[in-house]
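Peer 1: Quick one: the structure is below, and I'll ask about it shortly.
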Amino acid sequence: MDLERLRLETSAAHNSVEQAIPLMGREFTSKEYISCLRRIQGIVGTWEQVAVNSPIGWVRELVVERQRCHLLDQDLRFFGISEINSERPVLPRMNDEASLLGTMYVMEGSKLGGKLIARHVQNTLELTSGNGTAFFRDHGRQTGLLWKQFCDILRVRVTDPESGQVIESAKEMFRVFGSWVNHSAYAHNSTANLSIENARANI
Ligand code: HEM
């Protein structure tokens, strides 16, 4: 597969999703950060669950090694939140190799900006290193090396006729990711829940 074509044809989708993550270039509160982590937990958790149950064995093994939803759980626990976000997005179709790899390109690529985001979150919320930002740091794994290995796999395994399908699947995954993270309904719900908790605390 021609990776330059994949990057070029999805770069507008990347820009949109980057804008949808409300964690860069601005100040935010820990409540907003937690809300964002919970949205990400919903989509990363759902994607990993589907991908590790994929009938395509070699991709499944790759996903298992690269899972990181437990890091989101760890960060949320740091902020005192232990329940899992039970809301689930509707993911693109990922029942064949090309569509699965297209979504995986997006999920793997989302790790690349992680270090930048972690640093910004740490400075904004005055956190000590690693606490509450394990997901974005991806446990300090060799993100660059893992990314390069994944790109090599795409280059070798995806045939030219399959490339269009990988690109369409990646664009759809970017779209779902952006609209899910940007969804405002959750913010309302969490505000409502917090209000109920505050009300209970005052009884
Ligand atoms: C504020 C949020 C984000 C920032 C600052 C950011 C930043 C970056 C940067 C700096 C790169 C290039 C890294 C490199 O070449 O070594 C990159 C690549 C990439 N990012 Fe993001 N990103 C963000 C959010 C996301 C999200 C949410 C996704 C997916 C849902 C995503 C998917 C990708 C992909 C697939 C690539 C690889 C592009 C390629 O083929 O070279 N990014 N991002």
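Only the coordinates and a few stated rules stand behind these numbers; no lab work does. None of the values given here were measured: they were computed from a predicted structure. With ideal geometry, Cβ positions are generated from the backbone for all residues, glycine too; neighbour counts draw on all protein chains shown.
Peer 1: Determine the sum of side-chain charges near Leu116: Lys and Arg each +1, Asp and Glu each -1, restricted to other residues whose C-beta is under 15 angstrom from that of Leu116. It would help to have the intermediate numbers written out before the result.
Peer 2: Values: positive: Arg26, Lys111, Lys115, Arg119, Arg137; negative: Glu18, Asp138.
Neighbourhood net charge equals +3.
Peer 1: Can you tell me the order of 11-17, 45-51 when each peptide is scored by its average per-residue count of other Cβ atoms within 10 angstrom, highest first? Write out the running numbers ahead of the final one.
Peer 2: Numbers: 11-17: 15.6, 45-51: 18.6.
Highest to lowest by the protection proxy: 45-51, 11-17.
Peer 1: For a quick size check, give me the Cα extents of the chain along its three principal axes, largest first, whole Å.
Peer 2: Ordered largest first, the chain gives principal extents of 64, 31, 30 Å.
Peer 1: Can I ask one more? Quick check on the range 1-103: what are the equivalent-ellipsoid semi-axes from the Cα gyration tensor, as sqrt(5λ), descending, whole Å? Present the calculation step by step, with values, prior to reporting the outcome.
Peer 2: Numbers: eigenvalues 139, 83, 24 Å².
Whole-Å semi-axes of the equivalent ellipsoid: 26, 20, 11.
Peer 1: Could you list the GluC sites (Glu not before Pro) in the range 1-45 that lie in coil according to DSSP, counting only those with at most 15 other Cβ atoms within 10 Å of their Cβ? Walk me through the numbers before you get to the answer.
Peer 2: Working: sites: Glu4, Glu9, Glu18, Glu27, Glu32; in loops: Glu27.
Answer by residue number: Glu27.
Peer 1: Which distance in Å, rounded to a whole number, links the C-alpha centroids of the range 1-54 and the range 114-175?
Peer 2: 9 Å
Peer 1: With label points built 7 Å along Cα→Cβ from the Cα atoms of Glu87 and Asn53, find their separation and express it in nm.
Peer 2: Going by the 7 Å Cα→Cβ label model, 2.2 nm.
Peer 1: For the range 31-43, just list the computed ³J(HN,Hα) in residue order, Karplus coefficients 6.51, -1.76 and 1.60, θ = phi - 60°, integers in Hz, with x standing in for Gly and Pro.
Peer 2: 5, 5, 5, 4, 4, 5, 4, 5, 5, 5, 4, x, 7
Peer 1: Among Ile153, Ile84, Ile167, rank each residue by its count of other Cβ atoms within 10 Å, from fewest to most, as a rough exposure measure.
Peer 2: With the fewest neighbours first, Ile153, Ile84, Ile167 line up as Ile84, Ile153, Ile167.
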